[in-house]
2 protein chains.
Amino acid sequence: MPFKKGPIPAYFRLKQIIIDDIKKKGMNPGDMLPSEREYCERFGLSRMTVRQALKELEHEGIIVRERGRGSFVAIPPIEQEGIMSFTEMVRAKGLEPETEVLEFQKRPAGPWGEFLEIGEKEEIYEITRLRKASGVPIAVETVFIPALLVPGIEAADLSGSLFTVLQERYGIEIKRSKTSFSAVLSTPEMEKVLMLGGTWPLLRVESLNFYTKPIYYEISHYRSDQFKITVNISR
Amino acid sequence: MPFKKGPIPAYFRLKQIIIDDIKKKGMNPGDMLPSEREYCERFGLSRMTVRQALKELEHEGIIVRERGRGSFVAIPPIEQEGIMSFTEMVRAKGLEPETEVLEFQKRPAGPWGEFLEIGEKEEIYEITRLRKASGVPIAVETVFIPALLVPGIEAADLSGSLFTVLQERYGIEIKRSKTSFSAVLSTPEMEKVLMLGGTWPLLRVESLNFYTKPIYYEISHYRSDQFKITVNISR
DNA sequence: TAATTTAACATGTATATACATATAGACATA
DNA sequence: TATGTCTATATGTATATACATGTTAAATTA
């Protein structure tokens, strides 16, 4: 009975015990957990306390509870929540992501300043990259990021995930994104770098990415015959 | 005291009363709600019952609770998480959503059976609707839904939100969606119903919507010059 | 006056108990 | 065999009570 005293609430400790149990005993999704009353006996707790633990585990998606039947290990969501980065998406398809920097310049924010919540005259980096999957050009992506946030990014390796560079070099972890999708026709310039050989409909993705404040704005054009963007969302 | 009897749980009714109160009294974000013990007295309920109501409201993001201080009206998130339904998106832009049913048929699931996790020979409804915003055609949408899940949907009003019909008529609340985006060129058929007058790039949205299991599959084509689809995502 | 203590009040944690309701299986009946 | 009923067991709802702990402001003290 590990619940005699201590500063950590009993229901909280019970939660961790249940999580550990599921892992340790190698329980599978759908397996039934002990009943509420069984937990009461085993740990000398009241039913309300046990219920608080189970209720929170249910909210966290770790278990599911069915009235009259019992509590069961939840089926973990098969796919990742939210939008994946380009690197993640390509790897998920079993392909190798490649990136080529097409353009890199430092210039005043101009109209992007509004999105990034900085002055129009403050400097930003504008980085345009061609992204490929196992050699096939998939998208052209332009990123606008305030220069103050990423000093010395010139020296960083931008042939991989910008996400990773921000996190490892600057401790910036994107937590929230506002992304909009539309369809446009390719311009001659895009056709050239994407090797399209003609006019094609392209998927345009505009995305403002936040940490505690806006970090960078991104505009990408995907040749969506080759590559669909998928998002998984819970409500 | 509206809590003497009835099939609807007291905590649930209290939740609705509190929500109504917030609206009716025009309370602003940050305003303090009555204390737990005040609710107990006012409605003759035990504190645990009141707490269950408040806890759920907190989970739903309607109130925030601070230990030692009280409960307060939450600051509503500026933008809704996830993808909004067509109806929600149009209203958010201050336009009036309209829907016209173009086609309605019952037929075997065929290849859609795989997505919907039913047999190929089981019956589904295939519903095609034209969706407009303040009179302007915006999208053509086709929904595939197992007939067993929505018996008698022929009689329902499909000129509004399918989301609402599922919830109110069948108790089905979509909890998770897997959505993919791509760009395509319009077909003559689409050009006709969307009144495009020529070939245009369209935003194609395919979406599988889940409750506890897959509920319906949806394919929409948006004229994205008029209408961008935006998603807000936390990681 | 300024700092500290105290008291009132808020939510958080926990127990004990009772009855309601949903589920599944055992059992009896037609 | 098929159907319906009973029963054990599960979670859901609800009450009453007690003490812990964080917050705030008034009262007290130096």
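The values are calculated or read from the model by the stated rules, or taken from the named source; none is laboratory data. As the structure is a prediction and not an experimental result, all values here were calculated from the model. As a convention, Cβ positions derive from the backbone with ideal geometry for all residues, glycine included, and neighbour counts pool all protein chains shown. All accessible areas refer to the heavy atoms of the entire protein, side chains included, with ligands and DNA or RNA removed. Shrake-Rupley method; radii C 1.70, N 1.55, O 1.52, S 1.80 Å.
If we hang a label 7 Å off Cα along the beta carbon direction at A:Gly30, how far is it from the matching labels on the other copies, in nm, shortest first?
Reported distances to equivalent positions: 5.2 nm.
Work out, step by step, the length gained on full extension between B:Asp20 and B:Phe104: first 0.36 nm times the residue separation, then minus their alpha carbon distance; give nm to one decimal.
Details: separation 84, 0.36 × 84 = 30.24 nm, distance 3.79 nm.
Fully extending the segment from B:Asp20 to B:Phe104 adds 26.4 nm.
Place the peptides A:133-142, A:220-229 in order of packing, highest mean first, counting for every residue the other Cβ atoms within 10 Å and averaging per peptide. List each step's numbers first, then the result.
Values: A:133-142: 17.8, A:220-229: 19.8.
Taking the mean over residues of other Cβ atoms within 10 Å, the ranking is A:220-229, A:133-142.
Quantify, in whole percent, the carbon and sulfur part of the accessible surface of the protein assembly as shown (1.4 Å probe; protein heavy atoms only).
Working: 13420 of 25480 Å².
Answer for the protein assembly as shown: carbon and sulfur cover 53 percent of the accessible area.
Solvent-accessible area per residue for the protein assembly as shown at a 1.4 Å probe radius, Å²? Before the final figure, lay out the partial values.
Details: 25480 Å² over 470 residues.
On a per-residue basis, the protein assembly as shown sits at 54 Å².
Roughly how crowded by other chains is peptide A:217-224, in terms of the mean Cβ count from those chains within 10 Å of each of its Cβ atoms?
Per residue, the average neighbour count from other chains is 2.
So for the pair B:Lys192, A:Glu122, with labels modelled 7 Å out along Cα→Cβ, what separation do we get in nm?
Label-label distance for B:Lys192 and A:Glu122, simple model: 5.4 nm.
What are the distances, in nm and sorted shortest first, from the label point of A:Val165 to the label points of the same position in each other copy, with each label point placed 7 Å from Cα along the Cα-to-Cβ direction?
Shortest to longest, the spacings are 4.9 nm.
Under the definition of Cα pairs under 8 Å and six or more residues apart, what whole-number percent is the relative contact order of region B:86-222? Show your work: numbers first, answer last.
Values: 272 pairs, mean separation 31.1, N = 137.
After rounding, I find 23 percent.
Just to verify a number: FRET efficiency for A:Val136 and B:Tyr170, C-beta to C-beta distance, R0 = 41 Å, to 0.05? Numbers along the way, then the final one.
On the way: r = 44 Å, r/R0 = 1.08.
About 0.40, to the nearest 0.05.
Taking every alpha carbon pair in the protein assembly as shown, what does the distance histogram look like in 20 angstrom bins from 0, in percent?
All Cα pairs considered, the percentages come to 18, 48, 31, 3.
Given +1 on the Cβ of Lys and Arg, -1 on the Cβ of Asp and Glu, and no further charges, what dipole in debye does the protein assembly as shown carry about its Cα centre, rounded to the nearest 20?
Result for the protein assembly as shown is approximately 2220 debye, rounded to the nearest 20.
I need the inter-copy label distances for A:Leu102: point set 7 Å along Cα to C-beta, values in nm with one decimal, smallest first.
Spelled out, the distances from A:Leu102's label point are 3.4 nm.
Report the accessible surface area buried between chains B and A, summing both sides, using a 1.4 Å probe on protein heavy atoms only, in Å² rounded to the nearest 100.
Details: alone 14330 and 14330 Å², together 25480 Å².
Rounded to the nearest hundred, the buried surface is 3200 Å².
Structure shown: which of B:Lys106/B:Lys132; A:Lys55/B:Lys15; A:Lys15/A:Lys213 lie over 23 Å apart, alpha-carbon to alpha-carbon?
Correct reply: B:Lys106/B:Lys132; A:Lys15/A:Lys213.
So what is the calculated 222 nm ellipticity per residue for chain A, using -39500 (n - 2.57) for each DSSP H run with n of 4 or more, over all residues, to the nearest 500 deg cm²/dmol? All intermediate terms of the calculation are to be shown ahead of the outcome.
Details: 7 runs with 63 residues, N = 235.
After summing the helix terms and dividing by the residues of chain A, the value is -7500 deg cm²/dmol.
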